[in-house]
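The values are calculated or read from the model by the stated rules, or taken from the named source; none is laboratory data. This one's a predicted model, so the numbers in the text were calculated from it and none came from an experiment. Neighbour counts are summed over all protein chains in view; Cβ atoms, including those assigned to glycine, are modelled from backbone coordinates with ideal geometry. Remember, those area values only see protein heavy atoms, side chains included, never the ligands or the DNA or RNA. Shrake-Rupley method; radii C 1.70, N 1.55, O 1.52, S 1.80 Å.
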Amino acid sequence: MRILFLSTAHNSLSQRAFVELRDLGHDVYVQIASSNNVMEEAVKVYKPDLIIAPFLKKYIPESIWSKHTCIIIHPGIKGDRGPSSLDWAILNEEEKWGVILLQANENLDAGDIWASQNFTMKAVSKSNLYRHEVSDAAIKCLLEAIEKFQSKKFIPEKLDYNHNDVKGREHKPMKQGYRSIDWTESTATIAKKIRSADSQPGLLDTIYGEEYYLYGVHEEDNFKGKPGEIIAKRNGAICRVTGDGAVWITHIKMKNQGKYIYYKLPATQILNKHLKDVPELPYENNTKERTFKEIWYEEQNNVGYLYFEFYNGAMSTDQCTRLKEAYIEAKKRDTKVIVLMGGADFWSNGIHLNVIESSDNPADESWSNINAIDDLIKEIILTNTHIVISAMRGNAAAGGVMLALAADKVVALNRIVLNPHYKKMGLYGSEYWTYLLPKRIGIEKAIEITENCITLSTKSAKNIGLIDSTFDEVNFKNELVKMAEELAISSLCKNMLEQKRYKRKEDENIKPLEAYRKEELGKMWDNFYSHNEIYHTARKRFVYKLSCVEELPKNII
């Protein structure tokens, strides 16, 4: 079928739906719905059999929905209506929530129902819930709805609040006042409120007399003090006292003021001048209590597991350096296998564009950041003492994909999305991609993917040899541990290490690893420092959340 996506942004759900449908053989086109005229023109040109709105903040015009079947993906249970569905579900501590697919009509979220799926709520952020439970339910619904549409026999269900299974109701748009924080409240209440607004729009609060949006909350079990007081900092995060404990807040954003537009940054970077007397408390790797941690290590049965959980998958110069140091320490352990676990939300998205944008010289910080991630990847490539496995539990893009490919084996959760390319950000790319990507999939396929900016499902990635294995969410950890531990005790482990050393020496004789890096960084130097502003403009658009048709503001911070 010819399927048209009308979407406010090609976000995680839109991308996942795109690759899932494309894998099934459907012809899918994505149109960013910037205006009614743009949507109408896309329908006219593309002539779709079916229109899907995976993430749409506008009404579909009557000129479209009256002539075409248009299905809206809404993150709510049957009967739920309104733009703040997940916000309210988290704030109201709903035990069950869901996704419904509705046919577009003149009323918001009140169309006929094509499919629905419910799931159990977890105490996680709105963005985490969206990327996992919501996305999984949405894909199930979408595949069901397409099958029903193709049958040409299905009649969608009318929304009827008298039905027993219609539990939802229309709700108001979420306003900041509904979830404002009183720091004498419990840790659980404050964490819930911040999570209901993360990653957008953030929870508005006052710190040192200024208004900021808060993001990335983590409960802290060991600290207490005066409610509202900031008592510690760690790796960019601040620890603030609640009524019965404390929470860590990793990122904040100043409230926009007139002509000045702000964006998320590590909390200590923005509040630095106020935190001179606040102690830096490093994470103790052996603690079992709840706290904030970005990098930690676990070990069992000759296998080391190195976790790195970076907000939104972005890796700054400092984060790359700390992860490299942690990896070097992991190599010193008396183990046979190292598993790079990444984070549950994101594996990695490469260099940290927000931190780069905020620096005094973005070109210099870009250069420092790319060299830091290159140093990390080089350390992994040159490992000859361990078999290294990349265990990708979250989406990855650009240099983050190459980070995974530096390992000997790559396994992935079968629901994630990969974007192994750089071109949309105006970059040639580094991270040894000209060595790692062709080594996996061949030079022709590597050029095709990077030049055409192809998004891949794990199924497609496995088919072309980009990754080795995929596991479902239920069995992921068990299958991964089984694979790693069997490898660690196998008599083949020694042979694999010998073959690995031989292959690395053979590759080095063909072309030195340093030559790949030098060539890539030569191109990246031009991207960062030449008069061509493509990268710097693309980075600003990404950081300030501007579409490709919006003009850059003349005065931005």
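Observations on the model:
- Unique match (being within 30 Å of residue 133 (Cβ to Cβ) and out of contact with any Gly (no Cβ under 7 Å at 6 or more places or on another chain)) among 369, 312, 361: 312
- Residue match in the stretch 335-354 (condition: open to solvent by 50 Å² or more (accessible area, probe 1.4 Å), among the polar types (S, T, N, Q), closer than 26 Å to residue 385 by Cα and in contact (Cβ under 8 Å) with a residue 24 or more places away in the chain): no
- Just one of the listed residues (189, 184) is open to solvent by 60 Å² or more (accessible area, probe 1.4 Å), β-branched (Val, Ile, Thr) and over 22 Å from residue 80 (Cβ atoms), namely 184.
- Pairs with Cβ under 8 Å, 6+ apart, first in the stretch 212-228 and free of Cβ contacts under 8 Å to residues at least 24 places away in the same chain, second crowded, with 17+ Cβ neighbours inside 10 Å and part of a loop (DSSP other than H, G, I, E, B): 223/245; 224/245
- Members of the stretch 71-108 found to be open to solvent by less than 20 Å² (accessible area, probe 1.4 Å), part of a loop (DSSP other than H, G, I, E, B) and either within 20 Å of residue 15 (Cβ to Cβ) or not aliphatic (A, V, I, L, M) (or both), listed by number: 76, 79, 80, 82, 84
- The residues on offer are 264, 226, and the sole one that is modelled with pLDDT of 95 or more and open to solvent by 50 Å² or more (accessible area, probe 1.4 Å) is 226.
- Among the residues of the stretch 322-334, just one is within 21 Å of the chain's Cα centre (by Cα) and either among the hydroxyl-bearing types (Ser, Thr, Tyr) or open to solvent by less than 10 Å² (accessible area, probe 1.4 Å) (or both), namely 323.
- Any chance residue 314 is closer than 19 Å to residue 524 by Cα, within 20 Å of the chain's Cα centre (by Cα), touching a residue at least 40 places away in the same chain (Cβ under 8 Å) and open to solvent by 10 Å² or more (accessible area, probe 1.4 Å): yes
- Among the residues of the stretch 356-380, just one is in contact (Cβ under 8 Å) with a residue 60 or more places away in the chain, among the β-branched types (Val, Ile, Thr) and touching a strand residue (DSSP E or B) at 6+ places or on another chain (Cβ under 7 Å), namely 370.
- Remark: pairs (first residue in the stretch 502-517, part of a helix (DSSP H, G or I); second residue among the acidic types (Asp, Glu) and surrounded by 11 or more Cβ atoms within 10 Å (Cβ to Cβ); Cβ separation under 7 Å; 6+ apart in sequence or on different chains) = 517/374.
- Screening the candidates 497, 466, 480 for the property of being in contact (Cβ under 8 Å) with a residue 40 or more places away in the chain, in contact with a helix residue (DSSP H, G or I) (Cβ under 7 Å, 6 or more places away or on another chain) and surrounded by 13 or more Cβ atoms within 10 Å (Cβ to Cβ) yields one hit, 466.
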